[in-house]
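Visitor: Once you've had a glance at the structure underneath, I'll fire off some questions.
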Amino acid sequence: MPYSIMMDAGHGGRDPGAVYNGRQEKDDTLRLALAVGEILQDRGIDVEYTRTTDVYETPYEKAMEANQAGADLFISIHRNSFPTDNEVSGVESLVYDLSGLKLEIAEAINEELATVGFVDLGVKARPNLVVLKRTRMPAVLVEAGFINSDTDNMLFDQSFDDIALAIADGILDTLQRNGLVEESVQTGPDYRVQTGAFRSRAYAERLRNELLEQDFPAYIDDSDGFLRVQVGDFDSLDEAADMERRLKRAGYATVIVSGV
Ligand SMILES: [Zn+2]
C-alpha cells in the first residue's frame with residue numbers, strides 16, 4: 001500500500017485565520033497545501049486533503065478525518081502572525097513533542113525552507129494543539145512565514161513553487177531516510193524530448209549528429225526496436241518543457257516522452 005499523507009490547509013470558510021492588509025491566512029494555506037500535495041502525489045504518495053475549497057471544519061474534525069482515513073502522516077499548513085506587524089519573520093514548525101519521526105520531518109522542512117530564504121525559527125512542542133494532539137499518526141504543523149511580515153509575504157509570493165517543493169522534499173527525504181518510501185518513489189519518471197523516431201539508423205544518426213553540433217545533448221534510444229532520437233534526461237516536466245522550447249525555436253518537431 002502506498003504511503004499516505006493527509007494534507008491540511010489551516011482554517012477555512014468563516015475562519016480566515018490571521019489577516020493582514022486584506023490578506024487571509026486561509027487562502028495562503030489552501031494554495032500551499034494543494035501545491036505540496038500535488039508534488040507528493042507526483043512522487044507516488046497517496047495524498048488526501050482535509051479541504052480543497054474554502055470551507056470551515058473544526059480542528060477536531062480535521063484530526064478525525066485523518067484518523068478515519070488511516071493516514072500515515074498529517075501535515076498542516078499555516079501562516080504565522082505576531083502582535084506587532086513587520087517585527088518577526090521566519091518559518092516555524094510545531095509538533096506534539098520533540099521526538100520521533102515528526103520531529104525529524106519538521107526539522108527537515110525548516111532546513112529546506114531556510115534554503116529558499118526564510119529565517120529558521122526552529123521546531124516547537126505544542127502538546128495542546130488539537131490537530132497535533134488528536135491525530136493518531138505523526139503530525140507536523142508548518143507555519144510558512146508570518147502573514148504580517150512584508151518580507152515573508154514577498155518571499156511567499158515570489159518563491160511559491162520553491163516553497164512547495166521545499167516542504168515536499170523535507171517530507172520525502174525524511175521518509176526515504178527512514179525506509180518508509182522507496183527511493184524510486186521519490187525519483188519518479190524522467191522526461192526526454194524526442195525529435196524523431198526512425199527505422200533507418202542512417203537517418204537517426206544524421207539527426208542526432210545535427211543536434212549534437214548545436215550542443216543539444218542528443219542520443220539515440222533503441223530500446224524498443226525504433227531508433228528514437230531524444231534530447232536530455234530531466235527529473236521534471238518543467239525542465240523538459242524548457243528544452244522543448246529551445247528545440248522548437250531551432251526548428252525541430254518535438255514531443256516530450258517519459259520513461260522510468
Ligand atoms: Zn493558522
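Visitor: Within region 24-58, count every residue that is within 14 Å of HIS78 (Cβ to Cβ), among the β-branched types (Val, Ile, Thr) and surrounded by fewer than 20 Cβ atoms within 10 Å (Cβ to Cβ). Write out each step before concluding.
Guide: Of region 24-58, the ones within 14 Å of HIS78 (Cβ to Cβ) are 24-33, 36, 50-51.
Still in the list and also among the β-branched types (Val, Ile, Thr): 29, 36, 50.
From what is left, the residues that are surrounded by fewer than 20 Cβ atoms within 10 Å (Cβ to Cβ) are none.
Total meeting the criteria: 0.
Visitor: Right, next: Could you give me the residue pairs with C-beta distances under 7 Å whose first residue belongs to region 228-247 and is at positive phi and touching a residue at least 24 places away in the same chain (Cβ under 8 Å), whose second residue is buried (at least 19 other Cβ atoms within 10 Å of the Cβ) and of a type outside the set (Asp, Glu) wherever it lies, and which are 6+ apart or on separate chains?
Guide: Listed pairs, sorted by first residue: GLY232/ARG192; GLY232/VAL193; GLY232/ALA240; GLY232/MET243.
Visitor: Can you tell me which residues in region 25-62 are within 16 Å of the ligand (Cβ to nearest atom) and either outside the structural domain of ASP161 (by TED's automatic domain parsing) or more than 28 Å from PHE118 (Cα to Cα) (or both)?
Guide: VAL55, TYR56, GLU57, THR58, TYR60, GLU61
Visitor: What tally of residues in region 1-23 results from selecting those that are in contact (Cβ under 8 Å) with a residue 60 or more places away in the chain, within 12 Å of the ligand (Cβ to nearest atom) and surrounded by 15 or more Cβ atoms within 10 Å (Cβ to Cβ)?
Guide: 6
Visitor: Let me ask something else about it. Just give me the residues in region 88-109 being among the acidic types (Asp, Glu) and either over 19 Å from VAL131 (Cα atoms) or within 16 Å of the ligand (Cβ to nearest atom) (or both), in sequence order.
Guide: First pass over region 88-109, keeping only residues among the acidic types (Asp, Glu): 92, 97, 104, 107.
Scanning region 88-109 gives a single hit, GLU92.
Visitor: Exactly one of these conditions fails for ASP120: (1) surrounded by 22 or more Cβ atoms within 10 Å (Cβ to Cβ); (2) of a type outside the set (A, V, I, L, M); (3) more than 16 Å from the ligand (Cβ to nearest atom). Give me its number.
Guide: Condition (1) is where ASP120 drops out.
Visitor: Another one. Could you pull out the residue among VAL181, VAL193 that is under 31 Å from the mean Cα position of the chain (by Cα), assigned to a strand (DSSP E or B) and modelled with pLDDT of 90 or more? Walk me through how you get there before you give the answer.
Guide: Details: VAL181 fails: assigned to a strand (DSSP E or B).
Checking each option against the conditions leaves just VAL193.
Visitor: Can you name the residue in region 47-64 that is in contact with a Lys or Arg (Cβ under 9 Å, 6 or more places away or on another chain) and part of a helix (DSSP H, G or I) and, of all such residues, is nearest to ALA33 (Cα to Cα)?
Guide: Going residue by residue through region 47-64, those that are in contact with a Lys or Arg (Cβ under 9 Å, 6 or more places away or on another chain) are 50-51, 54, 56-57, 59-60, 62-64.
Still in the list and also part of a helix (DSSP H, G or I): 59-60, 62-64.
Details: PRO59: 16, TYR60: 18, LYS62: 14, ALA63: 16, MET64: 18 Å.
Among those that are in contact with a Lys or Arg (Cβ under 9 Å, 6 or more places away or on another chain) and part of a helix (DSSP H, G or I), it is LYS62.
Visitor: Here's a follow-up. Tell me, which residue of region 66-87 that is over 24 Å from the mean Cα position of the chain (by Cα) and within 16 Å of the ligand (Cβ to nearest atom) is nearest to GLY100 (Cα to Cα)?
Guide: Looking only at region 66-87, we keep the residues that are over 24 Å from the mean Cα position of the chain (by Cα), and these are 68, 82-87.
From what is left, the residues that are within 16 Å of the ligand (Cβ to nearest atom) are 82-83.
Working: PHE82: 29, PRO83: 32 Å.
Applying the filter and picking the extreme gives PHE82.
Visitor: Pick from ARG31, ARG43, ARG134: which is within 21 Å of MET1 (Cβ to Cβ) and of a type in the set (D, E, K, R)?
Guide: Working: ARG31 fails: within 21 Å of MET1 (Cβ to Cβ); ARG134 fails: within 21 Å of MET1 (Cβ to Cβ).
After applying the criteria, what remains is ARG43.
Visitor: Can you pull out every residue in region 209-234 that is closer than 13 Å to GLY259 by Cβ and either part of a loop (DSSP other than H, G, I, E, B) or among the charged types (D, E, K, R) (or both)?
Guide: ASP221, SER223, ASP224, ARG228, ASP233
The values are calculated or read from the model by the stated rules, or taken from the named source; none is laboratory data. Since the model is a prediction, treat every value here as computed from it, not as a measurement. Note: ideal-geometry Cβ built from the backbone for every residue, glycine included; neighbour counts use all protein chains shown.
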